[in-house]
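The values are calculated or read from the model by the stated rules, or taken from the named source; none is laboratory data. What you see is a predicted model; the values in this text were computed from it and never measured. Every residue, glycine among them, receives a Cβ derived from its backbone with ideal geometry; neighbour counts consider all protein chains shown. The area values use the complete protein model at the heavy-atom level, side chains included, leaving out ligands, DNA and RNA. Shrake-Rupley method; radii C 1.70, N 1.55, O 1.52, S 1.80 Å.
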Amino acid sequence: MKNSNYFTDEVRERWGGTEAYRESERRTANYSQSDWNALYDGMNDIMAGFAELNAEKVYPDSEQARLQVEKLRHFITEHMYTCTDDILAGLGQMYVEDVRFKKNIDKHGDGTAAYISKCIMYYCA
């Protein structure tokens, strides 16, 4: 069963020519609905972890924040595509610049998207 993500056309248009997109297409081609649900749940758990760090006022350049960014990066690499520093930095920007992502991430707690973006910025620096 294919992912029923309504962003599919936009994603293909923006990143369809990249190796990361092709890798993701190959790796997720046979994902079942259960696989997609596990991916969604895993990402939600990671975002919730960032929200907890933010609520606890953990600095974005701390070891705890760095470990959470590594968790995010590893999860993406393990389940979708190789998440390079450039890709990770781009995700950090997109999480705050794209209102849809920001709104979805901030469901875990106000300011979570901005916090993740800062954590990623420090991680990639």
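Restricting Asp86, Asp35, Asp45, Asp61 to residues that are modelled with pLDDT under 95, within 21 Å of Tyr123 (Cα to Cα) and acidic (Asp, Glu) narrows the list to Asp86. Taking the criterion of being open to solvent by 20 Å² or more (accessible area, probe 1.4 Å) and either in contact with a strand residue (DSSP E or B) (Cβ under 8 Å, 6 or more places away or on another chain) or touching a residue at least 24 places away in the same chain (Cβ under 8 Å) (or both), the residues of region 37-51 that qualify are Met43, Asn44, Ala48.
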